[in-house]
1. Of these, 75, 99, which one is acidic (Asp, Glu), assigned to a helix (DSSP H, G or I) and within 15 Å of the chain's Cα centre (by Cα)?
2. Name the residue that is farthest from residue 98 (Cα to Cα), counting only residues in region 44-68 that are in a helix (DSSP H, G or I) and more than 14 Å from the chain's Cα centre (by Cα).
3. Could you run through region 116-128 and say how many residues are more than 25 Å from residue 12 (Cα to Cα) and out of contact with any Lys or Arg (no Cβ under 8 Å at 6 or more places or on another chain)?
4. How many of the residues making up region 4-43 are outside any strand (DSSP E or B) and surrounded by 12 or more Cβ atoms within 10 Å (Cβ to Cβ)?
5. Anything in region 48-73 that is in contact with a Ser or Thr (Cβ under 7 Å, 6 or more places away or on another chain), within 19 Å of residue 14 (Cβ to Cβ) and surrounded by fewer than 17 Cβ atoms within 10 Å (Cβ to Cβ)? List them, or say none.
6. Which is exposed (fewer than 11 other Cβ atoms within 10 Å of the Cβ) and either at pLDDT below 95 or out of contact with any His (no Cβ under 9 Å at 6 or more places or on another chain) (or both), of 119, 76?
Amino acid sequence: METIHKIGRRKTAVARVYLSEGKGEVTVNKKKVNDYFTTGPLLYKVGQPMELTENTGKFDINVNVFGGGITGQAEAIRLAISRALCEINPEYRSILKPEGLLMRDPRMVERKKFGQKKARKKYQFSKR
């Protein structure tokens, strides 16, 4: 099996995932996944597609991720891994889709508009 390359995005984070056969080692930006993501919920998000499809320990995953915060990066990695698994075996799609792991979350921070304090907040209005 050759290396499978997929991209996942969330907010402003972009994750490029390279999935190949191996012992289950996950590296994120040349660090072990446990060193990069220190909290339990983030580690769970990254490993969720592998656990649902019962592929934990079967594939080596190399990830390059940039932009956004740590939560957005974890969710971008989760989407990319899910897409890669669907390319390996199309039957995984029926497992991952109901969990919402194949859906790109389009929500981003709204830009600040000129003449206003923030995206929606206005300066105080004085009638007189």
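The values are calculated or read from the model by the stated rules, or taken from the named source; none is laboratory data. Computed from a predicted model, the values in this text were never measured in an experiment. Neighbour counts are summed over all protein chains in view; Cβ atoms, including those assigned to glycine, are modelled from backbone coordinates with ideal geometry.
1. Working: 99 fails: assigned to a helix (DSSP H, G or I).
Being acidic (Asp, Glu), assigned to a helix (DSSP H, G or I) and within 15 Å of the chain's Cα centre (by Cα) holds for just one of 75, 99, which is 75.
2. Step one: list which residues in region 44-68 are in a helix (DSSP H, G or I), which gives 44-52.
Filter once more, so that each one left must be more than 14 Å from the chain's Cα centre (by Cα): 51-52.
Working: 51: 15, 52: 11 Å.
Ranking the qualifying residues of region 44-68, first place goes to 51.
3. Of the residues in region 116-128, the ones more than 25 Å from residue 12 (Cα to Cα) are 122-128.
Imposing the further condition that a residue be out of contact with any Lys or Arg (no Cβ under 8 Å at 6 or more places or on another chain) reduces the set to 122, 124-128.
So the answer is 6.
4. Kept after step one, since they are outside any strand (DSSP E or B), are these residues of region 4-43: 11-12, 22-25, 29-30, 33-43.
Okay, now just the ones that are also surrounded by 12 or more Cβ atoms within 10 Å (Cβ to Cβ), so 11-12, 22, 24-25, 29, 33, 36-37, 42-43.
Residues that pass the stated criteria total 11.
5. Result: 67, single match.
6. Result: 119 is the single residue among 119, 76 that is exposed (fewer than 11 other Cβ atoms within 10 Å of the Cβ) and either at pLDDT below 95 or out of contact with any His (no Cβ under 9 Å at 6 or more places or on another chain) (or both).
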